[in-house]
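Here the structure comes first, spelled out in C-alpha cells, and everything after it is commentary.
The values are calculated or read from the model by the stated rules, or taken from the named source; none is laboratory data. Note that the coordinates shown come from a computational prediction; the quantities given were computed from them, not determined experimentally. Cβ coordinates were reconstructed from backbone atoms using ideal geometry, including for glycine residues, and neighbour counts include every protein chain displayed.
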Amino acid sequence: MSQHLMIDLETMSTKPNAAIVAIGAIWFEPSTITLTSRFYNCISLDSNIKAKRAIDGETIYWWLKQNDEARLALVKDPVSLINALMNFNDFIRKQAVENFYIWGNGANFDPVILGSAFECMNLQVPWNFRNIRCYRTAIALLPAREYIKPTVAHNALEDAKAQAIHLMKIYPSLL
C-alpha cells in the first residue's frame, strides 16, 4: 500500500521562490478512501521577507479580494518559515514510508515552491522528486467528477482536504 500526501500552499507570489504564508497537508489513502493526519502552519510574512522570498503586487491584490475568513487565517499564530518547514518535516517523518507520493495543485506550483523554500533554508527536501504528482492533471483527465468545495476557500488545510477527497473519488478511474 502506498502513501499519498496532498499539500496546498497559500503564497504571496506565483513564482517558484514565492513567499509562503500557509502550508496545509493531509495524508490520504486512495484505495481505502481514508484521510488521516493533517498539518497546518501559518507562516510569518516577515520571515519570508528576511529569506528573500518573492512577493508580487498582483497576488497581494488578489488576496485583498478574498473572504475575511481566508485572509484572517493567514495571520493566526504565525511561525517563522524555518520553523514551519521543520514542523512539516517532522509531520512527514512521523507518518511516511520512505517513498511516498506528494500531490499538489500543479506539479510546478505547490511542490516546487515548497521544495524551493526547503532549499532556501538549507534543509533537505523531504520527498523524492520522482514522486511528485499533479492533482490538476488528474482532474483534467476526469473533469466530470463531483468536486467537494472546501469549507473555507483559500485556506491551505481546507483546500488540501477537498483536493484529497476529490482525488480519492477519481483515483480508481485513473488506474
Taking the stretch 68-93 and keeping residues touching a residue at least 24 places away in the same chain (Cβ under 8 Å), loosely packed, with under 12 Cβ neighbours inside 10 Å and either small (Gly, Ala, Ser) or farther than 15 Å from ILE20 by Cα (or both) leaves ARG93
Among ILE170, ILE139, the single one that is free of Cβ contacts under 8 Å to residues at least 40 places away in the same chain, touching a Leu at 6+ places or on another chain (Cβ under 6 Å) and more than 28 Å from ILE55 (Cα to Cα) is ILE170
Expected single match for touching a strand residue (DSSP E or B) at 6+ places or on another chain (Cβ under 7 Å), touching a residue at least 24 places away in the same chain (Cβ under 8 Å) and not in a strand (DSSP E or B) among SER31, SER37, SER13 is SER13
The one condition GLU98 fails out of (1) surrounded by 14 or more Cβ atoms within 10 Å (Cβ to Cβ); (2) out of contact with any helix residue (DSSP H, G or I) (no Cβ under 7 Å at 6 or more places or on another chain); (3) at pLDDT below 95; (4) closer than 24 Å to LEU167 by Cβ is (1)
**Asked** Quick check: is even one residue across the stretch 24-39 hydroxyl-bearing (Ser, Thr, Tyr), under 25 Å from ARG136 (Cα atoms) and buried (at least 21 other Cβ atoms within 10 Å of the Cβ)?
**Response** no
Expected output for the stretch 151-162 (first residue among the aliphatic types (A, V, I, L, M), partner in a helix (DSSP H, G or I), Cβ below 6 Å, 6+ apart or cross-chain) is VAL152/GLU69; VAL152/ALA70; VAL152/GLU158
Here the residues within the stretch 1-16 that are over 15 Å from ASN131 (Cα atoms) and surrounded by fewer than 18 Cβ atoms within 10 Å (Cβ to Cβ) are THR14, LYS15, PRO16
